Amino acid sequence: MRRYDLISSLVFLVLGLVIAVSSLRINVGTFRDPGSGLFPLITGILMSIIAGGIFIKSFLQSISKGREPLGKDKRLWHNKSVATVVIMLLYAITIEWLGFLTVTLLILFVLFKAIGGLSARASLGGAVLTAAVAYLVFKVWLNVQLPVGPLGL
Amino acid sequence: MEMLHNMAYGFSIVLEPTRLLMCLLGVLIGTLIGVLPGIGPSATVAILLPVSISMGAADAMILLAGIYYGSMYGGSTTSILVNIPGESASVVTCIDGYQMARQGRAGVALGMSAFGSFIGGTVGVLGLMLLAPPLSEFALRFGPPEYFAMVLCGFCILISIGSGSKLKALLIALVGVFLSEVGTDLVTGQQRFTFGSMTLMDGIPLVPMVMGLFGISEVLLNLETKFDRIVFSSTIKNLLPNLEDWKASLSPIARGTMLGFFLGLLPGGSATLASFASYALEKRVSRHPEKFGKGAIEGVAGPETANNAATSSAFIPMLTLGIPANPVMALIMAALLSHGLQPGPLLMVKSPDVFWAIIISMYVGNIMLVILNVPLIGIWVKLLKVPYDVLFPLILLFCLIGAYSTSSNAEDVIIMIIFGVVGYLMRKFEYEPVSLVFAFILTPLLERAFRQSLAMSDGGFTIFLRPPIALAFMIVAFILIVLLIFPLMRSRLSRTGGL
């Protein structure tokens, strides 16, 4: 976890500094008469201090135990997780163009088949059934505003 | 007398057929998601939040509350039968519950878990009913300085009692503080960190953020996990505990109720913390601590009671002070707000129907759960055999529809996905999303109270110390900060050889 602590604290250190510097462009005001930028400025400074503390602590602990600060850690990303995120993003991008039913049918099929590892027939059956039930429940019964595609669905 | 009148009023609302149906639906969904590993109450309430907006306020609250406390009942089933906790509050039940199942006592473990849950939940609701009205009246005296001091104190409690690294909890809470600052400053009308986005002008939306942090991230992590769902016992017999089991369990149930109720009140003091604390307490006070881990019924009765008592008491700060004690309460609070209701001291006065409907529905829901849970165990066991490969696309689809329907905007879906990835990374890097969500919700209240207080005092900081209530909160906050810093410094000094 030490490698992860080093990386994450460094990210938060930079983020804190960016927040602090950016908040100076907003009206900071004074402690007695705070402007819109005061809270973000304090947040950014505190974030940088604490992230810096975690970074130093992790670094010193690694050295004191005779380990490489950036030793091997557990795997961060898995193919299935990355693929699922990409599929969801495609869903978000295309839903208003292609309509709810078409996009839902497509992503369910891909999720069942490519990520879930089901057979093509089971994936297709599962996708059609789920999309139909979702359409009936959300669009017809609950009257949720869902986008309609070129097919009118 | 007034209490009885309020109860009768609450029952008259809840016992209407549609409300009873909502209550039943809520507890059934709650039990279901409690049984299924990979989806917890936060994600479910977040998913159903957009749907609940189209219902009446009382109906929606009864449904969402039912999901929350229903999940506590369901969570123990998987812990006992499969050794996989259905949700985090039932992690500790695996230890002795599963051992009991291995010894052929799965029925007794499930039965005691259901009865303990019922007792903890019902006593918790009784406490909620007794404490909420006077606390609401007391909170009416709160002005901006008292609110500032109280929220600050809440932050300190959250960081102090959280598990894992305190520094990391503080750091991630600050990220939550920052995220809540994105959008239009309501005092000055100035834009903060919006980068010209129309969506961000209203701030980061809570529902897609929470759905991402809890729902999507959970699915992404579970995709990497192989669930070996070998149900230990498919035929459950002897659900009713015998006299000896009751004798052993009564004191743990009583202690679990008290402990869970108290921990549920605290910011960040979740049902999970209550169950762990109860297990530790039972092991410490037991005359036979060596039996723990080998199928001690006390290790099931205490924690299962405590987590249900905590779910009931968690409603108190949200309903009376407008402060959510945990992410689920934050979501239920968001549901109240989207119905145009402001949680806090005036809720009981302005919307007594919703206030008492929530409380009384919990009595009714607990009775439904204890009646339904025991005969339905066979069905829950069968559900456990549904492979995750079939389940996860359905969970994702619910999240995607839920995020889209909050404002019929695809940008909300993208925000949810981004927070899903953030939540996934946070868990891998061992940062708790709870602190982030808590800070995100409370910061606007904190900032507004801070600025209003200074405007009232003409910039004088003593306003935070003059009112007795604010002073009391500030003293508690100060003590907690000292207690937080002192061990950190001591461990540092001991490493460097001291001064």
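The values are calculated or read from the model by the stated rules, or taken from the named source; none is laboratory data. Predicted model only: the values in this text are computed from it and were never measured. Virtual Cβ from ideal backbone geometry, glycine too; neighbours counted across all protein chains shown.
Among the conditions (1) more than 30 Å from B:A173 (Cα to Cα); (2) at pLDDT 75 or above; (3) of a type in the set (F, W, Y), B:F262 misses just one, which is (1). For region B:326-373, the tally of residues that are of a type in the set (V, I, T) and over 18 Å from the mean Cα position of the chain (by Cα) stands at 7. Does B:I323 satisfy the criteria of being within 16 Å of the chain's Cα centre (by Cα) and of a type in the set (V, I, T)? For B:I323, the condition - within 16 Å of the chain's Cα centre (by Cα) and of a type in the set (V, I, T) - is met.
For (1) within 14 Å of chain A (Cβ to nearest Cβ); (2) touching a helix residue (DSSP H, G or I) at 6+ places or on another chain (Cβ under 7 Å); (3) at pLDDT below 85, each residue gets a yes or a no:
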position: B:P343; (1), (2), (3): no, yes, no
position: B:L347; (1), (2), (3): no, yes, no
position: B:V354; (1), (2), (3): no, yes, no
position: B:I358; (1), (2), (3): no, yes, no
position: B:L369; (1), (2), (3): no, yes, no
position: B:V374; (1), (2), (3): no, yes, yes
position: B:L391; (1), (2), (3): yes, no, yes
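Name the residue that is farthest from A:W77 (Cα to Cα), counting only residues in region B:413-427 that are in contact (Cβ under 8 Å) with a residue 40 or more places away in the chain and facing another protein chain (nearest Cβ under 9 Å). Among residues in region B:413-427 that are in contact (Cβ under 8 Å) with a residue 40 or more places away in the chain and facing another protein chain (nearest Cβ under 9 Å), the one farthest from A:W77 (Cα to Cα) is B:V413. Each residue in region A:109-153 was checked for being loosely packed, with under 13 Cβ neighbours inside 10 Å and of a type in the set (F, W, Y), and 1 of them qualify. Look at (1) polar (S, T, N, Q); (2) at pLDDT 80 or above; (3) crowded, with 17+ Cβ neighbours inside 10 Å and you find that B:S270 fails only one, number (2). Here the condition is being under 30 Å from A:L142 (Cβ atoms), buried (at least 24 other Cβ atoms within 10 Å of the Cβ) and touching a Ser or Thr at 6+ places or on another chain (Cβ under 6 Å); of B:G97, B:G120, B:G66, B:G86, it holds for B:G86 alone.
Here's the yes/no breakdown for (1) of a type in the set (S, T, N, Q); (2) farther than 20 Å from B:A277 by Cβ; (3) surrounded by fewer than 24 Cβ atoms within 10 Å (Cβ to Cβ):
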{"residue": "B:A301", "(1), (2), (3)": "no, no, no"}
{"residue": "B:T305", "(1), (2), (3)": "yes, no, no"}
{"residue": "B:A310", "(1), (2), (3)": "no, no, no"}
{"residue": "B:M318", "(1), (2), (3)": "no, yes, yes"}
{"residue": "B:Q342", "(1), (2), (3)": "yes, yes, yes"}
{"residue": "B:V349", "(1), (2), (3)": "no, yes, yes"}
{"residue": "B:F355", "(1), (2), (3)": "no, yes, no"}
{"residue": "B:I360", "(1), (2), (3)": "no, yes, no"}
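Among residues of region B:193-212 that are assigned to a loop (DSSP other than H, G, I, E, B), those with a Cβ under 6 angstrom from a residue that is of a type in the set (A, V, I, L, M, F, W, C), sequence gap 6+ or separate chain, pair up as B:F193/B:V182; B:T194/B:L200; B:T194/B:M201; B:G203/B:V182; B:I204/B:L179; B:I204/B:V182.
The number of residues in region B:451-466 that are more than 20 Å from B:C156 (Cα to Cα) and in contact with a Lys or Arg (Cβ under 9 Å, 6 or more places away or on another chain) comes to 5. Scanning region B:428-456 for residues that are surrounded by 20 or more Cβ atoms within 10 Å (Cβ to Cβ), among the charged types (D, E, K, R) and more than 9 Å from every other protein chain (Cβ to nearest Cβ) turns up just one, B:E432.
When region B:156-192 is filtered for residues that are within 9 Å of chain A (Cβ to nearest Cβ), in a helix (DSSP H, G or I) and closer than 15 Å to B:I485 by Cα, the ones remaining, listed by number, are B:L167, B:K168, B:L170, B:L171.
Can you find even one residue in region B:76-93 that is under 26 Å from B:I360 (Cα atoms), of a type outside the set (V, I, T) and in contact with an Asp or Glu (Cβ under 6 Å, 6 or more places away or on another chain)? Yes - at least one qualifying residue is present in region B:76-93. How many of the residues making up region A:108-153 are more than 9 Å from chain B (Cβ to nearest Cβ), part of a loop (DSSP other than H, G, I, E, B) and out of contact with any helix residue (DSSP H, G or I) (no Cβ under 7 Å at 6 or more places or on another chain)? Number satisfying all stated conditions: 4. Evaluating B:E146 against the criteria (1) within 20 Å of B:A274 (Cα to Cα); (2) modelled with pLDDT of 90 or more leaves one unmet condition, (1).
Under the condition of being at the interface with another protein chain (Cβ under 7 Å from one of its Cβ atoms), aliphatic (A, V, I, L, M) and surrounded by fewer than 14 Cβ atoms within 10 Å (Cβ to Cβ), the residues counted in region A:1-32 number 1. For region A:33-64, the set of residues classified as surrounded by fewer than 21 Cβ atoms within 10 Å (Cβ to Cβ), small (G, A, S) and at the interface with chain B (Cβ under 9 Å from one of its Cβ atoms) consists of A:G35, A:G53, A:S64, listed by residue number. The helices (runs of 4 or more DSSP H) found entirely in region B:40-117 that carry 2 or more residues being closer than 17 Å to B:N366 by Cα and aromatic (F, W, Y) are B:57-82. Being closer than 21 Å to B:I84 by Cα and within 14 Å of chain A (Cβ to nearest Cβ): is that true of B:V386 here? Yes.
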